[in-house]
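In what follows, a single structure is set out as structure tokens and then discussed.
The values are calculated or read from the model by the stated rules, or taken from the named source; none is laboratory data. Being a predicted model, the structure only gives us computed values, none of them experimental. When we count neighbours, we look across all protein chains shown, and the Cβ atoms used for this are built from the backbone with ideal geometry, even at glycine. Keep in mind that these areas ignore ligands, DNA and RNA; they rest on the heavy atoms of the full protein, side chains included. Shrake-Rupley method; radii C 1.70, N 1.55, O 1.52, S 1.80 Å.
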Amino acid sequence: MKIAIDGTAASGKGTLSSLLSETLKIPRLDTGLIYRKVAFLYVKSSEVMPKKNIINNSILRSILENLDLQDLDEEILKGELYGNVASIVGKINFVRNKLKTLQIEFIKNMIKQSGGCILDGRDIGTNILPNADFKFYIDAPIEIRAKRRFKQLYINDKSIELKNIKLDLEKRDYNDKSRKNSPLIRSKDSIVINTEFLNPNQVLDKALHFIKKNKEI
Ligand code: DC
């Protein structure tokens, strides 16, 4: 079984993906972490904060040459800086092409090994797994998403401000939805889940209900 999950930043798509993976015993890939790893390595090696659209392509190409899906350390990569830079480098065609190749390899391996996989990101249902058995599109109002992200990040960084988190998320949504190459758009055949009034288990129940209704598992 192949499941595609897309959605806006901090909408709860990663949480759903990981709960579905545990429940259905299917491996999962958080594709945002791969973009974030590229961003992390870029920031580390260029030692400057990339300005909007000013990126050193040769540094980026050498990062991609040696990139693999190992060491996707959430603790490090989940910071807002890497999310923002990931959204900038995610606009570049050669980055998306290379990451698509890695994702397709992962999918093939997981189908062989485990009979399926779950991927979550921005272009999964439209570009990476267009033939997924199930597609979900996760969203919630910006205020709710900003508060959730603030709560997560505040644990490790008491200096962050809610209004800046909200601005970051808005900017990131805009980048992700407006880029030319595989933008974040809802695949027509996806099920939309608004997570505003739902806790993670309720979101999981909704997704499972839909899966069970449509397929024997
Ligand atoms: O899901 P996330 O917030 O960890 O993703 C960080 C950024 O990575 C996101 O703003 C855009 C980019 N990304 C992408 O372009 N395509 C994906 N499939 C996943 C992430």
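Classify the range 112-217 from the C-alpha gyration tensor, please: rounded if a/c falls under 1.5, else prolate or oblate depending on whether a/b exceeds b/c. Note, shape of the range 112-217 comes out prolate. Apply the a/c threshold of 1.5 to the C-alpha gyration tensor of the chain and tell me whether it is rounded, prolate or oblate. Oblate, because a/c is 1.5 or more while a/b does not exceed b/c.
Report, in deg cm²/dmol and to the nearest 500, the calculated mean residue ellipticity at 222 nm for the chain, where each DSSP H run with n ≥ 4 adds -39500 (n - 2.57) and the sum is divided by the residue count. Computed mean residue ellipticity for the chain: -17500 deg cm²/dmol.
Taken one residue at a time, the phi angles of the range 132-137 give Karplus couplings (6.51, -1.76, 1.60, θ = phi - 60°) of 4, 6, 9, 10, 10, 10 Hz. Gly and Pro are set to x. With protein chains left intact and a 1.4 Å probe, residues in the chain average 53 Å² of accessible area per residue.
When only the Cβ of Lys, Arg, Asp and Glu is charged (+1, +1, -1, -1), the dipole of the range 80-143 relative to its Cα centre reaches about 420 debye.
Placing unit charges on each Cβ (+1 for Lys and Arg, -1 for Asp and Glu) gives the range 109-217 a dipole about its Cα centre, and among Val203, Met110, Gln152 the Cα reaching farthest toward its positive end belongs to Gln152. Taking a 27 Å limit on the Cα-Cα distance, which of the listed pairs Lys2/Lys206; Lys44/Lys91; Lys44/Lys166; Lys135/Lys177; Lys147/Lys180; Lys78/Lys98 fall beyond it? With Cα atoms farther than 27 Å apart: Lys147/Lys180.
Under a model in which nothing but the beta-carbon of Lys, Arg (+1) and Asp, Glu (-1) is charged, the chain shows a dipole of about 540 debye around its Cα centre. One decimal place: the segment Lys180-Asn56 gains 42.7 nm when fully extended, by the rule 0.36 nm per residue minus the C-alpha distance. Listed by chain and number, the aspartates and glutamates whose C-alpha is less than 17 Å from the C-alpha of Lys215, apart from same-chain residues fewer than 8 away, are Asp133, Asp189, Asp205. When the chain is treated as a Gaussian network with alpha carbon springs shorter than 10 Å, the biggest mean-square fluctuation among Leu119, Leu99, Leu24 belongs to Leu24. Distance between the pseudo-spin-label points of Glu75 and Glu143 (7 Å out from Cα toward the beta carbon): 3.6 nm.
Averaging 1/r over every pair of different alpha carbons in the range 1-123 and inverting the result gives a Kirkwood radius of 15.0 Å.
This model, with +1 at the C-beta of Lys and Arg and -1 at the C-beta of Asp and Glu, gives the range 37-144 a dipole about its Cα centre of some 520 debye. Would you please classify the overall shape of the range 93-136 from the alpha carbon gyration tensor, given that a ≥ b ≥ c denote the square roots of the eigenvalues, rounded means a/c under 1.5, and beyond that prolate means a/b larger than b/c while oblate covers the rest? Taking the square roots of the gyration eigenvalues as a ≥ b ≥ c, the range 93-136 is oblate.
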